[in-house]
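Note sheet for the following structure.
What follows draws every value from the coordinates through simple rules; no lab data is involved. Since this is a predicted model, take the numbers as computed values, not measurements. In this analysis, Cβ positions are derived from the backbone assuming ideal geometry, glycine residues included, and neighbour counts consider all displayed protein chains.
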There are 2 protein chains.
Amino acid sequence: MTTSFHPPQRTLMEPGPSDVNPRILEAMSRPTIGHLDPLFVQMMDEMKGLLQYAFQTQNELTIPVSAPGSAGMETCFVNLVEAGDTVIVCQNGVFGGRMKENVERCGATAIMVEDEWGKACDPAKLEAALKAHPEATTVAFVHAETSTGATTDVKAMCDLAHAHGCLAIVDAVTSLGGTELRVDDWGVDAIYSGTQKCLSCTPGLSPVSFSSAAIERIQNRKTKVQSWFLDLNLVMGYWGKGAKRAYHHTAPINALYALHEALVLLQDERLENAWARHREHHNALKAGLEALGLTFVVPEADRLPQLNAVSIPEGVDDAQVRGMLLNDYNLEIGAGLGVMAGKVWRIGLMGYACRKDNVLKCVSALSEVLGRVGVNVDGKKAMKATLAAYGE
Amino acid sequence: MTTSFHPPQRTLMEPGPSDVNPRILEAMSRPTIGHLDPLFVQMMDEMKGLLQYAFQTQNELTIPVSAPGSAGMETCFVNLVEAGDTVIVCQNGVFGGRMKENVERCGATAIMVEDEWGKACDPAKLEAALKAHPEATTVAFVHAETSTGATTDVKAMCDLAHAHGCLAIVDAVTSLGGTELRVDDWGVDAIYSGTQKCLSCTPGLSPVSFSSAAIERIQNRKTKVQSWFLDLNLVMGYWGKGAKRAYHHTAPINALYALHEALVLLQDERLENAWARHREHHNALKAGLEALGLTFVVPEADRLPQLNAVSIPEGVDDAQVRGMLLNDYNLEIGAGLGVMAGKVWRIGLMGYACRKDNVLKCVSALSEVLGRVGVNVDGKKAMKATLAAYGE
């Protein structure tokens, strides 16, 4: 017989899920009500306003997709791309590759613009591709590459897309709530994110937002969207304006309670303060990690504060160290993905996980474990450097 | 400023979500851990075993899709159907229509076999369609039509499908955990359900199961599955055997805690007891509703115990009555869907909602409200009939 599952209390400094604020877990366990209950519909309207604030947009179509970030990505592609289209995908990590998969599964052609993993996407390369492919209708790229921790200049990329008559799809899974993101000012047409990163919510939903140009394209498609579940023409009937909502699918009620609470927390902290907090703790963690002799993968100018990818020291067993951190400290840090597997650790500082006690725990635990596996580290120096970054 | 959302405590006698067992809500709020944490992987293995029990199958590929039932439906179609295929869809309510949409969005042809809404699907009609369409590869139908409360003979339909070389896709959204369902004995090839019905869990996940014949077809496709998110070739890498799991998407950790707890509850009650409980309370509710003069839509032989569709009495305002039940009794019952909108109420008796106190509350509240809007009802007689059905 199987019994109830009681997970341990971990510290989640991985690339998501990140530590969930206890207020959010409590909200998630509130009584389930119907997905067409008038009180639930009011909550949905509040949710849209809170998401508009988080994305810094006035876009009417700003909602959470009822599935994880990958489904948010797919929502953008299947709605905006039709068979035969050409889409320029700028890739500088794992998730650009997933965009290519999405484009091709829509029956469209993906023109790949490659940048080195760990670097930002280069707008000059995008411009060259746009000139070479006047038939392109869409540009897609990742704002904050979760696989490397590199950020890309969204406004520069969107401006180029528009100058060549394209719409821009942006992956903001790791950026939303952690670093500056301004959907309207930067001219983003379609954007998707996840709940389990800098919003410190449980995983499972994907906030998305679409500009009026994007909606116009969706409404004027020649063919039906290939996914019934993700067809925004239908989803809008449930998330649309007014008290009357058409049943499309049963919304994940309790997961939405959790996201609502996470967004209230972000609203109360204010976006600019959340961005500054991520920067502050990143600076302290960086000081500690560098004092331990670890080097960052991403050049400083392109580096995300919420995702710290550092090279694994020569001769150190990746899985052994992560296992010790997990088993002895209940601390989870992330492994490398794709070509970076076994070569880097990805240390997340996202949302509720982005706190001073976590930074200190991470630096001290890593210094002890690295010492144990034979790396010559000076733990005292690392703690001193970390505290100095906090002004202590 | 938006503040935290505090939902009221409703009684959910609708077609889903149904009342959630408090043990499940508590499980959902346990600490989030990583989706590749070894303890989480153990929990996933337990989940597969529990789902195999609930579905009565040995199918290795028995997992929850990370999105609601509609995404489970889409998982079955996009994986088993390719462009150019012919699929026979037997429709006797709203959800057969959704199957047609899914088939067509795969670029395949749907041959519709229509039965009256409120009746079971007729195997003889399916047989005629199979003979007329030897090119068909797949048969699809709904075991328990959520829009009407009619059940269909799954084994008879699957036997016919196999006799004509087809695989069978079955919708078990409303049946799983509420009425007899035997995936292996009945020869189902692909099945999907939802968490928010007779499992009394929160909405948002879709348990699915695939036979070895279905997996063989998926592995031998000529084209890629059009959905990256729902591609079982990729999903199997995460939910597959052994300790090594490949990252596909971030699993909805806390929602999975909830489903695990719901399945432990079902295992502890035993399936046969859960089926009997749904039958027992249905009999009592039926006695009460009929004593109030309400008539069932579905003939007795085809009637589901967990979904009671009754005709709205002549001259009664559907929305007004449901509004009174909600506002005065915190009791939610379901409206009609599709052609039945405004004509029927759908009263759910699912999972944790399927209890004696709910049955009594529903009969007494309905009798009071119907009286208030001018229907001539005998409340005392209705309560007496309900209690008599309980042997009191």
Checklist entry - How long are the three semi-axes of the equivalent ellipsoid of region B:1-55, in whole Å, if each is the root of 5 times an eigenvalue of the C-alpha gyration tensor, listed from largest down? => result 28, 20, 9
Checklist entry - Put the label 7 Å from Cα along Cα→Cβ for residue A:4; what are its distances to the other copies, in nanometres, shortest first? => result 2.2
Checklist entry - Angle between the Cα long axis of helix A:356-372 and the longest principal axis of chain A, 0 to 90 degrees, nearest 10? => result 50
Checklist entry - With the calculation restricted to Cα positions, what are the radius of gyration and Dmax of region A:40-148 in angstrom? => result 15.7, 49
Item to check | Size of region B:345-392 as Cα extents on the principal axes (Å, biggest first) | outcome: 33, 25, 13
Checklist entry - Under a straight-distance cross-link criterion of Cα-Cα below 22 Å, which lysines are reachable from residue B:384, leaving out those fewer than 8 residues away in the same chain? => result B:286, B:356, B:361
Checklist entry - Which cross-chain or sequence-distant (5 or more) residues have an amide H under 5 Å from the amide H of residue A:167, H modelled 1.01 Å from N in plane? => result A:138, A:139
Checklist entry - What is region B:258-383's relative contact order, in percent, from Cα pairs under 8 angstrom and six or more apart in sequence? => result 29
Checklist outcome for this item: Toy charge model, Lys and Arg Cβ at +1, Asp and Glu Cβ at -1: region A:271-389 dipole around Cα centroid in debye, rounded to 20, equals 240
Next on the checklist: Test of the criteria: in region A:320-392, which chymotrypsin sites (Phe, Trp or Tyr not before Pro) are in a DSSP loop and have at most 12 other Cβ atoms within 10 angstrom of their Cβ?
Outcome noted: none
Checklist outcome for this item: Taking Cα atoms, the helix A:154-163 axis meets the longest principal axis of chain A at an angle in degrees (rounded to 10) of 30
Checklist entry - Looking at this model, which pairs from A:119/A:222; B:48/B:224; B:100/B:222; A:119/B:241; A:100/A:197; A:244/B:380 are more than 28 angstrom apart at the alpha-carbon? => result A:119/A:222; A:119/B:241; A:244/B:380
Checklist entry - How crowded by other chains is B:187-200, given as the mean number of beta carbons from other chains within 10 Å of each beta carbon? => result 1
Checklist entry - GluC sites (Glu not before Pro), restricted to region A:70-143: which are DSSP loop and have at most 10 other Cβ atoms within 10 Å? => result A:135
Item to check | Nearest-20 debye value, region B:21-89 charge dipole, Cβ charges on Lys, Arg, Asp, Glu | outcome: 280
Item to check | Over region A:210-331: Kirkwood hydrodynamic radius from C-alpha pairwise inverse distances, Å | outcome: 19.7
Checklist outcome for this item: So the FRET efficiency between residue A:341 and residue A:153, C-beta based with R0 = 30 Å and rounded to 0.05, is 0.60
Checklist entry - With charges only on Cβ, +1 for K and R and -1 for D and E, what is the dipole size of chain B about its Cα centre, in debye, rounded to 20? => result 520
Item to check | In region B:280-337, trypsin sites (Lys or Arg not before Pro) in a DSSP loop with at most 10 other beta-carbon atoms within 10 Å | outcome: none
Next on the checklist: Give me, ordered by chain and number, the residues 5 or more places off residue A:32 or on other chains with an amide H under 5 Å from its own placed amide H.
Outcome noted: B:20
Checklist entry - In the protein assembly as shown, what percentage of the DSSP-assigned beta bridges are antiparallel, given to the nearest 5? => result 50
Item to check | Exercise: per-residue mean of other protein chain Cβ atoms within 10 Å, B:202-214 | outcome: 3
Next on the checklist: Above 15 Å lies some portion of the pair distances; for region B:95-154, what is it as a whole percent of all C-alpha pairs?
Outcome noted: 51
Checklist entry - Based on the Kirkwood radius over alpha-carbon pairs, what is the Stokes-Einstein translational diffusion coefficient of region B:271-389 at 10 °C with 1.306 mPa s viscosity, in µm²/s? => result 111
Checklist outcome for this item: Cα-based Rg and Dmax for the protein assembly as shown, in Å, come out at 26.7, 87
Next on the checklist: Relative contact order for chain B: what percent, with Cα pairs under 8 Å and sequence separation of 6 or more?
Outcome noted: 23
Item to check | Other copies of residue A:311: label-to-label distances in nm, shortest first, labels 7 Å along the beta-carbon direction | outcome: 7.9
Checklist entry - Once the Cα gyration tensor of region B:182-233 is found, what semi-axes does its equivalent ellipsoid get, as square roots of 5 times the eigenvalues, in whole Å, sorted largest first? => result 24, 17, 5
Checklist entry - Regarding region B:145-286, what are the three Cα extents along the principal axes, ordered largest first, in Å? => result 51, 42, 27
Next on the checklist: Using a 7 Å offset from Cα along the direction of the beta-carbon, what are the separations from residue B:22 to the same position in each other copy, nm, ascending?
Outcome noted: 2.0
Checklist entry - Relative to the compact globular guide of 2.2 N^0.38 Å, what is the alpha carbon radius of gyration of region B:21-267, as a ratio? => result 0.98
Checklist entry - Any idea what angle helix B:379-389 forms with the longest principal axis of chain B, computed on alpha-carbon atoms, 0 to 90 degrees, nearest 10? => result 50
Item to check | Inter-part distance where region A:132-152 and region A:320-389 are each reduced to a Cα centre, Å | outcome: 30
Checklist entry - How about residue A:125: which lysines have a C-alpha closer than 16 Å to its C-alpha, ignoring those fewer than 8 places off in the same chain? => result A:155
